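Written below as structure tokens is the structure these notes are about.
The values are calculated or read from the model by the stated rules, or taken from the named source; none is laboratory data. Since the structure is predicted, the reported quantities are computational estimates derived from the model, not experimental observations. For neighbour counting, all protein chains shown are included, and Cβ atoms are generated from backbone atoms with ideal geometry for every residue, glycine included. Note: areas computed on protein heavy atoms with side chains; ligands, DNA, RNA excluded. Shrake-Rupley method; radii C 1.70, N 1.55, O 1.52, S 1.80 Å.
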Amino acid sequence: MTMRSMAVWTIQYGLSGLGMRIGSRRGDLISRLVADPRLREDPFPAYDEIRAMGAMAHGSFISATANYATATELLRSDIFQAGPTPVPFPRLARLLDAVREPRALSVVDPPSLIAISAPQHTRLRRLVTRAFTARAIAALSKRVEGLANELLDRIEATNSGTFDVIGSYAALLPVTVIAEILGVPAGMRDLFRELGDDVALALEPGMPWRDYRRSDAASRRFHAWFDEHIARLRREPEDNLLSHMIQAADGADRLTDTELRVTAMLVLGAGFETTVNLIGNAVPLLLANPGQLDRLRREPAGWPNAIEEVLRHDSPVQFTLRIPREDAEVAGTSLPAGRPVLILLGGANRDPAVFPDPNVFDTARANAREHLAFSSGVHFCLGAQLARLEAATATRVLFERFPDLRLDGRPVRRGNRVLRGYTHMPLAPQARVGVEP
Ligand code: HEM
């Protein structure tokens, strides 16, 4: 690791991590949400407390909202700069830009879509959008269902009884689909899954140095791999998203190679690091509600709404950050320019003003789809339709193929705070004979 990496970490993560640890020790709930591992398993009571503090709550170094209306307003506002790890002080932000290495940029650094604004954002996003229109996604539905069945065939063939639904199914389905969309060889998917987990650490505000080293090393490997792959696709173009982006880059749209690599990394990572959580989070919720699962089996048309309810109830992305570019007035309180605001998507999705009995999981909830799990405004998730299709198909096919599925041990949660999901979830395909389910 170079001095430059150390400087980048200090500015981007180290200082905010220190601030949040100090705030946490002082009992500031907003800092604790980020810094205290005890709030990771079940952050929902803390979200309720923050909502009770007001539509906009202020902690020592950071403000937060778990109020649906205020969260929506902030996500749609032009005044607020997006970016999972924004730096509040302009001088430090400029220094950070100067020390960042183009071949070590992570998915949260500009020019990643989630960290840039118009007009660069509009130009880059337009190039990727074509691959993710509703029509383009609908055309993938047979492939997704075929893949779900292939993966379950493989699980059945191993015949070992218990299987880890995350490793052998929920993660493999989205990584295969997004690799095919982008034109990344299937043989690379195990490596990408491993690197993707490390790259995703970059989303965590206040990430510790040891995690930064893993995340930074993974980003560098992605850059090196994409460098070679892009060069090959330039020589031998193919019919996939990356090849189309390269043609656009070399044509009128004039994308730089850095923009190409970072966009490809973001789409690849976002394409599976989140959907694995959605599929995984759905399983225990449905197993804990057998009446609702039976209804879905009888009326499979209900699956898409069931997935919206999983997105609302156990949001795979729990929060995002925004920073006001200028002094702003929100929900009757003032926010000075540069003040970081945590938008608690998972908390806004449990706001009783919008979702009655918000802690109840109800796959037939009439307005489940109004959740903010995919954000709102110009950064609204580009892959939302794909994620919906993958999760509705993956869960329906899983429960059709294994009607007596049950948990065979305690599922293990991921340690991340932004991404909420499981790393392992042992399932047994059949009920044990003579044992009460
Ligand atoms: C359950 C699955 C998913 C969830 C919960 C999710 C959630 C989100 C959220 C919350 C944001 C916006 C963050 C912000 O406003 O700061 C976002 C942006 C994004 N997502 Fe997803 N996502 C999912 C799946 C996917 C998939 C499958 C793709 C694949 C293409 C994808 C690609 C992106 C991209 C490229 C952006 C950046 C868009 C922009 O800034 O313009 N996501 N996602």
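For segment 406-423, backbone phi angles converted through the Karplus equation (6.51, -1.76, 1.60; θ = phi - 60°) give residue-by-residue couplings of 8, 5, 10, x, 7, x, 9, 6, 5, x, 5, 9, 6, 8, 10, x, 10, 8 Hz, Gly and Pro being listed as x. Solvent-accessible area of segment 3-428 (1.4 angstrom probe, protein heavy atoms only): carbon and sulfur portion equals 55 percent.
Quote the FRET efficiency, to the nearest 0.05, computed for residue 89 versus residue 69 with a Förster distance R0 of 45 Å and r equal to the Cβ-Cβ distance. After rounding, the FRET efficiency stands at 0.90.
Dipole orientation for the chain: of the candidates 242, 360, 95, 95 has the Cα lying most toward the positive pole (charges on Cβ; Lys, Arg +1; Asp, Glu -1). Distances between every pair of Cα atoms in segment 34-183, grouped in 10 Å steps from 0 to the bin holding the largest one, split as 8, 21, 25, 30, 13, 2 percent. When nucleic acids and ligands are ignored and a 1.4 Å probe is applied, residue 78 ends up with an accessible area of around 130 Å². Taking a point 7 Å from the Cα of residue 2 along the Cα-to-Cβ direction, the residues of segment 207-223 with backbone N closer than 13 Å to it are 220.
Distance between the pseudo-spin-label points of residue 366 and residue 410 (7 Å out from Cα toward the beta carbon): 4.0 nm. A straight line joining the Cα centroids of segment 209-252 and segment 41-96 runs 32 Å. If you plug the beta carbon distance of residue 18 and residue 430 into 1/(1 + (r/R0)^6) with R0 = 35 Å, you get a FRET efficiency near 0.10.
Using just its DSSP H runs of length 4 or more, each adding -39500 (n - 2.57), the chain gives a mean residue ellipticity at 222 nm of -15500 deg cm²/dmol after division by all residues.
Projecting the alpha carbon convex hull of the chain along each direction and taking the average yields 21.3 nm². Please identify, among 416, 367, 281, the residue showing maximal mean-square fluctuation in a Gaussian network model of the chain using a 10 angstrom Cα cutoff. Ranking 416, 367, 281 by mean-square fluctuation puts 367 first. About its Cα centre, the dipole of the chain is roughly 700 debye, where the only charges are +1 on Lys and Arg Cβ and -1 on Asp and Glu Cβ. Residues whose amide H comes within less than 5 Å of that of residue 206, counting only those at least five positions distant or on another chain, are 17 (H built at 1.01 Å from N in the peptide plane). Take the Cβ atoms of residue 209 and residue 250, set R0 to 45 Å, and the FRET efficiency comes out at 0.70.
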